[in-house]
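Novice: One structure follows; several queries about it will come next.
Derivation of every value follows stated rules applied to the coordinates shown; laboratory data play no part. Predicted model, so just to flag it, every value in this text is computed and none were measured. Cβ coordinates were reconstructed from backbone atoms using ideal geometry, including for glycine residues, and neighbour counts include every protein chain displayed.
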Amino acid sequence: MAEPRVIAEPRVIIVGAGPAGVRAAEVLVASGVRPVVIDEGRRDGGQIYRRQPEGFTRGYDSLYGTEADRALSLHETFDGLKDKIDYRPDTLVWNISQGRVWTNANGRVDDLEYDALLLCTGATDRVMPVKGWQYAGVFSLGASQVALKSQAVSIGRRVVFMGSGPLLYLVASQYVKAGANVVAVLDTAPFFARIKALPKLLAEPGVLWNGIMLTRMLQKSGVRVMTGVKPLEILGEPETGVSSLQFEAGGKVHEIACDAVAMGHHLRPETQLADLARCAFRFDAVTRQWLPVVDADGRSSVDGVYLAGDGARILGARSAEASGQLAAMTLLSDFGIAASDRWALRQAVANYARFATGLAEAFPWPHEQIADLADDVVLCRCEGVTVGEMRRVDAREANRAKAFNRVGMGRCQGRYCGLAGAEVLAAARDLPVEAIGRLRGQAPVKPISVGVAEDEA
Amino acid sequence: MSRSDVIIVGGGLMGCSAAFFLRQRGRSVTLLETDLVGRQASGTNFGNVRRQGRPIDQLPLANRAIETWRKAKELLGSDVEYLQSGHMRVCYRDRPENVEKMEQYAADARQMGLDLEILTGNALRARFPFLGPEVLAGSYSPLDGHANPRLASPAFARAAKRLGAEIHENTKMVSAEKIGTDWEVRTEDGRIFRAPILLITAGAWGDKIAAQLGEPVPFATLAPTMSVTEPVPYAIAPAMGVMTPVEKETVYFRQVARGNIILGGSTRAISYPDLYRAYVLPQNTVSQLQQIRRLAPALGKLNIIRVWTGIEGYTPDSLPVMGPSGKESGLFYAFGFSGSGFQIGPGVGETMAELIDTGKTDIPLAGYDIRRFAKA
Amino acid sequence: MNGRFTRLAETDRPKVNIIVDGQPVQAMAGDTLMVAMLSSGTSLRSAEFGPEKRAGFCLMGACQDCWVWTADGGRLRACSTPVENGQQISTSQPEVTWPNHG
């Protein structure tokens, strides 16, 4: 470990006010540091503990279920920190350059210098393209949860949940509890994968038990729950959107009428800012994703840049709280401020990592199904590029393919097509998916207006 | 070991088009590219296919190039998204002396076969109502246009390959030595290539190779600032740019047929050619957007969805090094196009092929002689 | 009201009125613009590179599929913009009216 870089009052910026960012801010404040906390959300909590708008009245139990206590604790902690931090909600960090973060809030750009930067950027859904997924009425699984949690709406009148991963069952059960009409939960993972992953899943027996109870609850409510599913097509009309879903299961083709599909295969970290901060990445074979390199204490490969929560690696909300605390303590120790014992937190994160590996094995990313998609399936929703165009591209690497066929070049910057695109290209070139590489992050991380004005210096 | 008539080092637009035209002339060609063809400045530039504004004595080269751009689809067998939709260069009210310069330029350019129309006042507003109030006058070139840089060089490389050129990507030259009448080029992976002719088209890395060959060139590598907006309905045909002596004010934009508007210019950043990386500085993006709003306020409503840059090689006089070596026979250069090589690229390739094949060309190259830097 | 989204709770909030493509739409205080629009309609905009209508995808500001326009051509990301009384929204791009030249 490097010698502490002693700065009396290091300027610390935390990006993200979800479980990792909030717990990190708490640790910093306790040591007398006043961090800047920049968050895109209008309110704290991140996606998982997203707070409903002012004036909504549902209680914590109804919003967060088994995680109600954690959500309440996180929100109360943050409320207590607000006058001890420089909190900037509703603010996008759109670039990082030369030791400064560049923000955009209400059409004004600003830049802030930092000594230490802690990125707690969270995750978005990992999705597998399906024929017809561009129709209105198809949403990400996370979207369906946000709709319910933050706005008290269902994404449709007949909702199908399709994909894999614990979130699939969680959100479906939340919909059922809230009175929505869930017509099916379709899991691409075969049931036996769960049995095989059981030893690792036992790393977090409480979470495992919650998961089992969810499935039971869904079945009791009469929701059709199927595993080992192969999605075939989301049928619909360009004007009116989704009308039904075709899939294969148990050797038979099924069709279910629906007006909404929530799809997701677990999550992927939001790593664009780590990329712009020039952090090194590594390929993670378990999840088949490129992740920023992070040591056991939360340090990235770049001095002064720290990573925590699902933005570094998908380990879940509980782990995010621990890794946020851990990274903040590491940061303090690196700056010679405080050196608490981090052993217990390291152990906790390692245990969540074991559990997460179990989840990845129990609910695998169906890359063989993706490799097998028909040529006419839309791969990139932003630019309308098909799987066939990806197969035909004269390229063996993700960024080169993007230069030629625009996959990843659209508004979402490859968030929703990058991983599937890499699988299609890898299969078409007969290369391992890691050889395809990853789409490099490019500013602005999210769109900014040509009309942005500069703050007066 | 492999032997050919010509070894080309550098697979940008200059190298790939030279390979293509050399094959058309029946010369055997081996092209060595450190990375992938067209990945550097040739693939990341703004995409202007603009003759107006170039030095008057460069127009024969530019005219030669435009012939290729016009028939690129048939010639190369793939679409490089060339749109001959016009080019407009404007100046601002705070520099009224530019109008006279535009008029003089138009008169001179006409002699070289480039027709320009100077627009001011109501005629300018009626034609281009989206221009800002600060715009005083403009020079319109109806037969210029723009193309997709990401596609152009690879299209030339593929066409050259179809004609029999050997294209070696991921092949970095480490040394070139004259042995007898042959150049012997060694690559990082230990291969050896031989040819009586060596053409250096290594763009922003051209100075390093020239220095290795005993002909140093004062050189800077810079990273231009590029942005692209969300797609909006296609409505702005010509590429638009600002004529000004101030780097910060020098911005330009063009709308591609799919609808996105590409923004370029304003302050450039330093680059890292040894790492093959360059980064857009956010402050340059902000200043670019500010200047774009000055040029066309209506664009202020749009969102930009991505920024990028590349590595461009600049000489002190902003003119390229193009032509034979001042020292060695069988050695040719075409690099250092100083941020304005894209339009003339196919003309450069064709002219270098002609020069190599026949020993002469009618295209004036005197101003680009590498020996101009040896004198100092 | 025959919208894509259905309200499951929190239905006692004050009403808010907005105009979408010239038609009055009733929503509730605290709605996002997206929920306001999809509680009475089925889509937000048209895809640029396909024939289909779009209704957003991620609801967390990541996919950029839900941008709509204000009457004066401003851009709003519907999933992360709160609805405001009197908002005038267009589901198609105002630049259609730009002059074509060349």
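Novice: Using only Cα atoms and rounding to the nearest 10 degrees, what angle (0 to 90) does helix B:13-24 make with the longest principal axis of chain B?
Specialist: Here the helix axis deviates by roughly 60 degrees.
Novice: Between the helical axis of A:141-151 and the dominant principal axis of chain A, each derived from Cα atoms, what acute angle in degrees is found, rounded to the nearest 10?
Specialist: The angle comes out near 70 degrees.
Novice: Right, another one. Using Cα pairs closer than 8 Å and at least 6 residues apart in sequence, work out the relative contact order for segment B:297-336, in percent.
Specialist: Worked out over segment B:297-336, it gives 33 percent.
Novice: Efficiency by 1/(1 + (r/R0)^6): what FRET value for B:THR358 and A:ARG440, r their Cβ-Cβ distance, R0 = 56 Å, to the nearest 0.05?
Specialist: It comes out at approximately 0.80.
Novice: Could you tell me how many degrees, from 0 to 90 and to the nearest 10, lie between the Cα long axis of helix A:166-178 and the main elongation axis, the longest principal axis, of the Cα atoms of chain A?
Specialist: 80 degrees
Novice: Using the Cα atoms as the points, what is the convex hull volume per residue of segment A:156-214 in Å³?
Specialist: About 74 Å³ per residue, rounded to a whole number.
Novice: Using 0.36 nm per residue, how much length does the chain from B:ARG25 to B:ARG371 gain when fully extended, once their Cα-Cα distance is taken away?
Specialist: Details: separation 346, 0.36 × 346 = 124.56 nm, distance 2.81 nm.
Result: 121.7 nm gained on full extension.
Novice: Provide a whole-number value for the mean count of partner chain Cβ atoms within 10 Å of the Cβ atoms in peptide B:291-304.
Specialist: Neighbouring Cβ atoms belonging to other protein chains average 5 per residue here.
Novice: For chain A, what is the percent of antiparallel DSSP beta bridges, rounded to the nearest 5? Could the numbers behind the result be given before it?
Specialist: Values: 34 of 67 bridges.
Once the DSSP bridges in chain A are tallied, antiparallel ones form about 50 percent.
Novice: Taking each residue in B:276-283, count the Cβ atoms of any other chain within 10 Å of its Cβ, then average. What number comes out? Don't skip to the answer; put the middle values down first.
Specialist: Values: counts 0, 1, 0, 6, 6, 5, 13, 8.
The per-residue average across the peptide is 5.
Novice: Karplus couplings for segment A:59-70 from phi (6.51 cos²θ - 1.76 cosθ + 1.60, θ = phi - 60°), rounded to Hz, Gly and Pro as x?
Specialist: For segment A:59-70, the Karplus-derived couplings read x, 4, 4, 6, 7, 10, x, 5, 9, 4, 5, 5 Hz, x marking Gly and Pro.
Novice: Using only atoms on other chains, find how many Cβ atoms lie within 10 Å of each Cβ of peptide A:385-398 and report the average.
Specialist: Details: counts 1, 0, 0, 0, 0, 0, 0, 0, 0, 4, 2, 1, 1, 0.
Going residue by residue through A:385-398 and averaging, the value is 1.
Novice: What share of the DSSP beta bridges in the protein assembly as shown is antiparallel, in percent to the nearest 5? Numbers along the way, then the final one.
Specialist: Values: 101 of 156 bridges.
Among the beta bridges of the protein assembly as shown, antiparallel pairing accounts for roughly 65 percent.
Novice: Distance in nm between label sites at A:MET217 and A:ASP79, each 7 Å beyond Cα in the beta-carbon direction?
Specialist: 2.5 nm
Novice: Now for a separate question. Any lysines with Cα under 18 Å of the B:LYS301 Cα? List them, leaving off those in the same chain fewer than 8 positions away.
Specialist: A:LYS446
Novice: Can you flag which of B:LYS71/B:LYS161; B:LYS208/B:LYS360; A:LYS131/A:LYS252; A:LYS149/A:LYS177; A:LYS177/A:LYS230; B:LYS161/B:LYS208 are past 23 Å Cα-Cα?
Specialist: B:LYS208/B:LYS360; A:LYS177/A:LYS230; B:LYS161/B:LYS208
Novice: At a threshold of 8 angstrom on Cα-Cα distance, excluding pairs fewer than six apart, so keeping six or more, what relative contact order does chain A reach in percent?
Specialist: 19 percent
Novice: Here is a further query. What's the whole-number percent of alpha carbon pairs in segment A:233-360 lying beyond 27 angstrom? Intermediate values should be presented prior to the final figure.
Specialist: Values: 3188 of 8128 pairs.
When every Cα pair of segment A:233-360 is considered, 39 percent fall beyond 27 Å.
Novice: At what distance in nm do the modelled label points of B:LYS248 and B:SER78 sit from each other, each positioned 7 Å from its Cα along Cα→Cβ?
Specialist: 4.1 nm
Novice: Through the Karplus equation 6.51 cos²θ - 1.76 cosθ + 1.60, θ set to phi - 60°, convert the phi angles of segment A:326-333 into ³J(HN,Hα) values in whole Hz; use x for Gly and Pro.
Specialist: Karplus-based 3J(HN,Hα) across segment A:326-333 equals 4, 5, 5, 5, 4, 4, 4, 5 Hz.
Novice: Packing-wise, with mean Cβ within 10 Å as the measure, how do B:169-182, B:2-15 rank, highest first?
Specialist: Going from most to least packed, we get B:2-15, B:169-182.
Novice: Continuing with this model, one more query. Take the protein assembly as shown, drop everything but the C-alpha atoms, weight them equally and run the Debye formula without solvent; then report log10 I(q)/I(0) at 0.06, 0.07, 0.10 Å⁻¹ to two decimals.
Specialist: For the protein assembly as shown at q = 0.06, 0.07, 0.10 Å⁻¹, log10 I(q)/I(0) is -0.45, -0.62, -1.18.
Novice: Magnitude of the Cβ-charge dipole of segment B:40-147, K/R +1 and D/E -1, about the Cα centre, nearest 20 debye?
Specialist: Values: 14 positive and 14 negative charges, 21 e Å.
Using only the charged Cβ atoms, the result is roughly 100 debye.
Novice: Quick one: which of A:298-304, A:41-47 comes out on top by average Cβ neighbours within 10 Å, and what's the full order, highest first?
Specialist: Taking the mean over residues of other Cβ atoms within 10 Å, the ranking is A:41-47, A:298-304.
Novice: What are the lysines whose alpha-carbon lies under 16 Å from the alpha-carbon of B:LYS178, with same-chain residues fewer than 8 places away excluded?
Specialist: Reachable lysines: B:LYS327.
Novice: To the nearest 0.05, how large is the calculated FRET efficiency for A:ARG429 and A:LYS230 if R₀ is 25 Å and r is the Cβ-Cβ distance?
Specialist: E(calc), rounded to 0.05, equals 0.60.
Novice: For the pair A:ALA453 and C:ASN85, what calculated FRET efficiency results from E = 1/(1 + (r/R0)^6), where r is the Cβ-Cβ distance and R0 = 41 Å, to the nearest 0.05?
Specialist: Working from the Cβ atoms, E equals 0.95.
Novice: Another one. Given labels modelled 7 Å from the Cα in the Cβ direction, how far is it in nm from A:ARG5 to A:LYS196?
Specialist: For A:ARG5 paired with A:LYS196, the spin-label model returns 4.5 nm.
Novice: In whole Hz, what ³J(HN,Hα) sequence does segment A:383-395 give by Karplus (6.51, -1.76, 1.60; θ = phi - 60°), x for Gly and Pro?
Specialist: Working through the residues one at a time gives 9, x, 9, 8, 4, x, 5, 5, 4, 7, 5, 7, 7 Hz.
Novice: Under 5 Å between amide H atoms, partner at least 5 residues away or on a different chain: which partners does A:TRP94 have, H built in plane at 1.01 Å?
Specialist: Sorted by chain and number, the residues that satisfy this are A:TRP102, A:THR103, A:ASN104.
Novice: Which three semi-axes in whole Å describe the equivalent ellipsoid of segment A:127-265, each the square root of 5 times a Cα gyration tensor eigenvalue, listed largest first?
Specialist: Over the Cα atoms of segment A:127-265, the ellipsoid semi-axes are 24, 18, 13 Å.
Novice: Right, next: Please list the non-local residues whose amide H lies under 5 Å from the amide H of B:PHE130, H modeled 1.01 Å from N, same-chain partners needing a gap of 5 or more.
Specialist: The list, which skips near neighbours in sequence, is empty: none.
Novice: Starting from the amide H of A:SER243, placed 1.01 Å from N in the peptide plane, find each other amide H under 5 Å away whose residue is 5 or more places distant or on another chain.
Specialist: For A:SER243, whose amide H was placed from the backbone, the distant partners under 5 Å are A:LEU235, A:GLY236, A:GLU237.
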